[in-house]
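A short worksheet on the structure shown next.
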Amino acid sequence: VGQKGWITRIACGCDYDDEGLPDAGLLTHPLGISDQMTPLSELKKSVFKKFRLHVAPIFEGAKNYPWLNKPQALVHWLKFADPPVTQTIVALIDPDFIFLRPLVVSQSGLDIISSTKVPVRELNSSVTRGHGVGQTYGIGHNWLKHVTAVCGQDSNAKHFSEEEADRYFQVGPPYILHLDDWKALAPLYTLFMKRMVKITGPGILTDMYGYAMAAAHLNIIHTRLDHFMVSDTGSRDGGGEAWKWANPSKWDPCKGQLTTEDGKQMPTFLHLCQNIYLEEPNIDESWMFHKGHVPPNILQCDLPILKTPPSTHLQHQLALPENKDKTNYKKHRAAWLHCMIFPSLNNALVEYKQQFCPAGFNTKKQFKLIHNDVSDKVLPICPMEKEGKTCWVFARIEKEQLD
């Protein structure tokens, strides 16, 4: 997409029990196939030329709460990166982001969406010492009641009201800060997250509260912006995301249009943090996407790529009569996301195979992700695995799809 800066993949070690696998509740594939160690040679592969890999060690507590890897690995990278980190502005993003366009800051008012009460033209979207930028996430301000226990009696975080906490710290990835602020914040992010785990237990909000508390403690104010991503189909008003730009009634990616005509006023990322399911009377015509359903070995040169929805996928949903609770917009967005995600992943798979596979690699569209009424934490063992064959609980190989 033309990202100008360097992208660093930070990979962490994993704790293993005596059987060599994480706790059963953390498995993402039967027999732990996708939880096994990845060879360093594979981690170094990328089609992006300005790519670096940083390997961090095993961190205490990450076995039972994997999110602890994030701040501790960040601290490790800031201290031991080779070459050292010299970039003034650093963005922390999640690995389940798909870039649609370059990540930039200091955009004009016309290229900003914000659900804050501040007029868009008056928003400060620049990043300087003591001032960061982040994507809006609906994490609320419940962390305020834990400030004394987590941050200390004299913490600056105690001075923020609920309204100010929502305005300045209700953010998530991409977190974009000045390098000096990251160096100050990352250790506290780690410390406060660990303390929150003891109070509220493990969870995604525990991670995000740890960041918010560290930022508030250091008085690093954030401008909260909505336009960096889309992920959640559920909020009618857009839910603090870029649905204003990703309007299914005006932009139909099922017809092959994966960008807007001018490449502007479109989300920076697709955030693959949701289960996106559209059920049809004929189950074979249903479509779903969940990142945990993608075969963990899909990069293998001999395996096919993903089937994509038909060109009529979105138009079919738009033509359906409005239901009683007037929530058809959820299906419209789901179809829009399907037609953005699958082709984008396929483009990445083909580009990867072109660079790292010998001639004759497989680019047939045959993998269909399937909706399975099975808990992601208690997966059935695939019988074929025991026979040395490959099968997937949440995907199947079907007849080749011909465009």
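Read-outs throughout are calculated quantities, based only on the coordinates presented, and are distinct from any laboratory measurement. Just so it is clear, the structure is predicted and the values come from calculations on it, not from any experiment. Positions of Cβ are backbone-derived with ideal geometry, glycine not excepted, and every protein chain shown enters the neighbour counts.
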Assuming R0 = 56 Å, can you tell me the calculated FRET efficiency for the pair Lys324 and Val1, based on Cβ-Cβ distance, to the nearest 0.05? 0.85
How far is it, in nm, from the label point at Leu258 to the one at Asp237 when both lie 7 Å from their Cα along the line to the Cβ? 3.4 nm
Name the most mobile residue of Val85, Val133, Val120, meaning the one with the largest mean-square fluctuation, in a Gaussian network model of the chain with Cα contacts below 10 Å. Val85
The equivalent-ellipsoid semi-axes of the range 51-102, taken as the square roots of five times the Cα gyration tensor eigenvalues and listed largest first in whole Å, are 21, 17, 9
Using a Gaussian network model of the chain whose springs link C-alpha atoms within less than 10 Å, name the residue from Asp166, Asp232, Asp154 with the highest mean-square fluctuation. Asp154
Leaving out same-chain residues fewer than 8 places away, which lysines sit with a Cα under 22 Å from that of Lys331? Lys244, Lys250, Lys255, Lys291, Lys307, Lys368
Please give, to one decimal in nm, the separation of the simple spin-label points placed at Asn275 and Thr363, each 7 Å out from Cα toward the Cβ. 3.4 nm
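Taking only the C-alpha atoms, wrap a convex hull around the range 163-290 and report its volume per residue in Å³ as a whole number.
Output value, Cα hull per residue: 161 Å³.
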Using a 10 angstrom cutoff on alpha carbons, build the Gaussian network for the chain and name the most mobile of Asp237, Asp226, Asp181. Asp237
Between (1) 88, 58, 45; (2) 62, 50, 43; (3) 64, 54, 42, the structure-derived Cα extents along the principal axes in Å is (3)
Starting from 0 in steps of 10 Å, tell me what percent of the Cα-Cα pairs of the range 83-197 lands in each bin. 11, 39, 37, 12, 1
